[in-house]
Amino acid sequence: MPVKFPNAVKALREHAGWTKSELARQVGITPQALGLIEQGKVSPSTHVALRLAKVLGTTVESLFDPEQNAACTARPSRLRVERVAVAEVAGARVARSLEDSSSPVPADGLRDESGRTDWMNMPDIGMARVFLSGCDPALSLLAAWVNRRSRTWEAVHFFATNQDAMDELEARQTHIASVHGTEEDLLALAEGKDCFLVALGQWRMGWVVPRRNPKRWQIEAGFRDARPRLVNRPPGAGARALVDEAIRSEGLSPGEIEGYTLEARTHREVVEAVAFGGADVGIAHEAVATRDVDFLPIREEMTWLVIPRGVARHPGVQQVFELLASDAFRRDLAAFGPYDVSQTGARIQARKSRNLGG
């Protein structure tokens, strides 16, 4: 099958020694959007095309004209490095890659491929940072509020699926994990763990489709009839579990669904893939739906913060508790979503309760 929009972006990116995330960051787009451009599934805007050509050291004509051989003048990197940030989690020093941070954070050091780290800044990290892991967009807002309120503590939000966030918590790589879903989903993930569960907000998960839903998705047609191109989330994500449930309900297998293996790292990237025309359907958080797509609700979900008792007294974590109880943050969160904040800040202990209430 011929590529719809052939180009030399991937070839020149690899020649320059850049990862997809590194090039996307320099151009000002998401790795998911760059992936769709490289695959020839979408045509970039004039602005993005010009940025790509400039960063890759070539011309727009050479980059997007398959008849020409694009020359790259960008220098290949000699040794790929990753930016890292340091925090203390449960009494141990943790250096995490900032590759998956949701917003720019000044690095403490640069770690090369051999594992050696060139430290640029070594603050008193005893209580300096609090790490938040999860996929709910509200975590970025929560981190921004922590950073506004305190000159002493800094919050960093790392993108992670439900399962990955819980794995990071278990490995003591993060202070707070966020999980979303139904009561049963949460209890299954938090079972047996000595931790607090703190409500962040209630919202809706739903299908994202192009404006005016041209395939009449979930109104007149499903996977069997519409044959849509899917954009999925990684294994361990709540959205992927909902996709699998929809596929099973029609008696189909993942291998029969075009795009099942096309994975978006975040809810926002799902929306961008549909808006760009790289996919026909995907499941995402209502808070990231834009005017470029239609949102079809599936169910209401609650996001909970999972906080081990051992880190509950960390000053950064205490800042989070205070914000969840503040009227200003709740009002902002309600408008940011939309979120139902009527239970925001409600707290229970996972190991002693089998009923979340509400």
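The values are calculated or read from the model by the stated rules, or taken from the named source; none is laboratory data. Bear in mind the structure is a predicted one, so any value in this text is a computation, not a measurement. Heads up, the Cβs are rebuilt from the backbone with ideal geometry, glycines too, and the neighbour counts pull from every protein chain shown. Calculation scope for accessible area: heavy atoms of the full protein, side chains included, ligands and nucleic acids excluded. Shrake-Rupley method; radii C 1.70, N 1.55, O 1.52, S 1.80 Å.
Taking the condition open to solvent by less than 30 Å² (accessible area, probe 1.4 Å) and at pLDDT 95 or above, does Leu142 pass?
On the way: open to solvent by less than 30 Å² (accessible area, probe 1.4 Å): yes; at pLDDT 95 or above: yes.
Criteria met by Leu142.
If only one of Ala273, Ala287 is of a type in the set (A, V, I, L, M, F, W, C), out of contact with any Pro (no Cβ under 6 Å at 6 or more places or on another chain) and under 22 Å from Ile29 (Cβ atoms), which one is it? Steps first, answer last, please.
Details: Ala287 fails: out of contact with any Pro (no Cβ under 6 Å at 6 or more places or on another chain).
Just one listed residue meets the conditions, Ala273.
Just one of Leu242, Leu252, Leu200, Leu230 is under 15 Å from Leu305 (Cβ atoms) and of a type in the set (A, V, I, L, M); which is it?
It is Leu200.
Kindly indicate whether Gly126 is within 30 Å of Arg330 (Cα to Cα), among the small types (Gly, Ala, Ser) and at pLDDT below 85. Please lay out each step first, then the result.
Working: within 30 Å of Arg330 (Cα to Cα): yes; among the small types (Gly, Ala, Ser): yes; at pLDDT below 85: yes.
Against the criterion (within 30 Å of Arg330 (Cα to Cα), among the small types (Gly, Ala, Ser) and at pLDDT below 85), Gly126 qualifies.
β-branched (Val, Ile, Thr) and at pLDDT 85 or above - does that describe any residue in segment 16-38?
Our first condition is that a residue be β-branched (Val, Ile, Thr); within segment 16-38, this holds for 19, 27, 29-30, 37.
Among the residues that remain, those that are also at pLDDT 85 or above are: 19, 37.
Yes, the conditions are met somewhere in segment 16-38.
So which of Thr290, Thr261, Thr303 ends up being modelled with pLDDT of 90 or more, polar (S, T, N, Q) and either touching a Cys at 6+ places or on another chain (Cβ under 9 Å) or over 18 Å from Pro214 (Cβ atoms) (or both)? Break it down stepwise before answering.
Details: Thr290 fails: either touching a Cys at 6+ places or on another chain (Cβ under 9 Å) or over 18 Å from Pro214 (Cβ atoms) (or both); Thr261 fails: modelled with pLDDT of 90 or more.
None of the others qualify; the one that does is Thr303.
Conditions first: (1) in contact (Cβ under 8 Å) with a residue 24 or more places away in the chain; (2) charged (D, E, K, R); (3) under 21 Å from Asp194 (Cβ atoms). Glu269 passes all but one, so which condition is the exception?
Condition not satisfied by Glu269: (3).
Kindly list, by first and then second residue, each pair from a residue in segment 53-82 that is more than 17 Å from Gly17 (Cβ to Cβ) and modelled with pLDDT of 60 or more to a residue that is assigned to a loop (DSSP other than H, G, I, E, B) and among the hydroxyl-bearing types (Ser, Thr, Tyr), limited to pairs with Cβ atoms under 7 Å and residues at least 6 apart or on different chains.
Listed by first residue and then by second, the contacts come to Ala53/Thr59.
Residues being β-branched (Val, Ile, Thr) and more than 21 Å from the chain's Cα centre (by Cα): count how many of those fall in segment 142-200.
Applying the first criterion (β-branched (Val, Ile, Thr)) to segment 142-200 yields 146, 152, 156, 161, 174, 176, 179, 182, 198.
When the remaining residues are screened for being more than 21 Å from the chain's Cα centre (by Cα), the result is 152.
Selection size over segment 142-200: 1.
Tell me which residues, restricted to segment 212-239, are part of a helix (DSSP H, G or I) and either open to solvent by less than 30 Å² (accessible area, probe 1.4 Å) or touching a Pro at 6+ places or on another chain (Cβ under 6 Å) (or both).
Step one: list which residues in segment 212-239 are part of a helix (DSSP H, G or I), which gives 223-226, 238-239.
Passing the criteria: Phe223, Ala226, Gly238, Ala239.
Looking at Gly28, Gly57, Gly40, Gly17, which one is open to solvent by 60 Å² or more (accessible area, probe 1.4 Å) and on the phi > 0 side of the Ramachandran plot? Lay out the reasoning, then the answer.
Numbers: Gly57 fails: open to solvent by 60 Å² or more (accessible area, probe 1.4 Å); Gly40 fails: open to solvent by 60 Å² or more (accessible area, probe 1.4 Å); Gly17 fails: open to solvent by 60 Å² or more (accessible area, probe 1.4 Å).
Every option except Gly28 fails the conditions.
Those residues that are of a type in the set (Ser, Thr, Tyr) and open to solvent by 40 Å² or more (accessible area, probe 1.4 Å), I need them from segment 288-347; list them, please. Please lay out each step first, then the result.
So the first thing to find is which residues in segment 288-347 are of a type in the set (Ser, Thr, Tyr), and the list is 290, 303, 326, 339, 342, 344.
The answer is Thr290, Ser342.
Would you list the strands (runs of 3 or more DSSP E) that sit entirely within segment 88-192 and hold 1 or more residues that are in contact (Cβ under 8 Å) with a residue 40 or more places away in the chain and under 22 Å from Val320 (Cα atoms)?
Values: elements: 92-97, 109-112, 117-119, 129-133, 154-158, 176-181.
Qualifying strands (runs of 3 or more DSSP E): 92-97, 129-133, 154-158, 176-181.
Output the number of residues of segment 240-267 satisfying the condition of being under 15 Å from His180 (Cβ atoms), of a type in the set (Ser, Thr, Tyr) and not in a loop (DSSP other than H, G, I, E, B).
So the count comes out to 0.
Please identify the pairs in which a residue from segment 235-250 that is over 20 Å from Asp136 (Cβ atoms) has its Cβ atom under 9 Å from the Cβ atom of a residue that is part of a helix (DSSP H, G or I) and open to solvent by less than 30 Å² (accessible area, probe 1.4 Å), counting only partners at least 6 apart or on another chain.
Ala246/Phe223; Ile247/Phe223; Glu250/Phe223
I'd like the full set of residues that are over 16 Å from Ser101 (Cα atoms), touching a residue at least 40 places away in the same chain (Cβ under 8 Å) and β-branched (Val, Ile, Thr), limited to segment 20-51.
Val42
Report yes if Val208 is buried (at least 22 other Cβ atoms within 10 Å of the Cβ), touching a residue at least 60 places away in the same chain (Cβ under 8 Å), on the phi < 0 side of the Ramachandran plot and not aromatic (Phe, Trp, Tyr), otherwise no. Working first, answer last.
Details: buried (at least 22 other Cβ atoms within 10 Å of the Cβ): yes; touching a residue at least 60 places away in the same chain (Cβ under 8 Å): yes; on the phi < 0 side of the Ramachandran plot: yes; not aromatic (Phe, Trp, Tyr): yes.
Taking the combined requirement at face value, the residue satisfies it.
Test Gly115 against the stated conditions and say whether it is of a type outside the set (D, E, K, R), on the phi > 0 side of the Ramachandran plot and open to solvent by 10 Å² or more (accessible area, probe 1.4 Å). Talk me through it step by step, then tell me what you get.
Working: of a type outside the set (D, E, K, R): yes; on the phi > 0 side of the Ramachandran plot: yes; open to solvent by 10 Å² or more (accessible area, probe 1.4 Å): yes.
Criteria met by Gly115.
Is it fair to say Ile247 is more than 18 Å from Gln202 (Cβ to Cβ), touching a Pro at 6+ places or on another chain (Cβ under 8 Å) and open to solvent by less than 10 Å² (accessible area, probe 1.4 Å)? Give the derivation first.
Numbers: more than 18 Å from Gln202 (Cβ to Cβ): yes; touching a Pro at 6+ places or on another chain (Cβ under 8 Å): yes; open to solvent by less than 10 Å² (accessible area, probe 1.4 Å): yes.
When the stated conditions are applied, Ile247 passes them.
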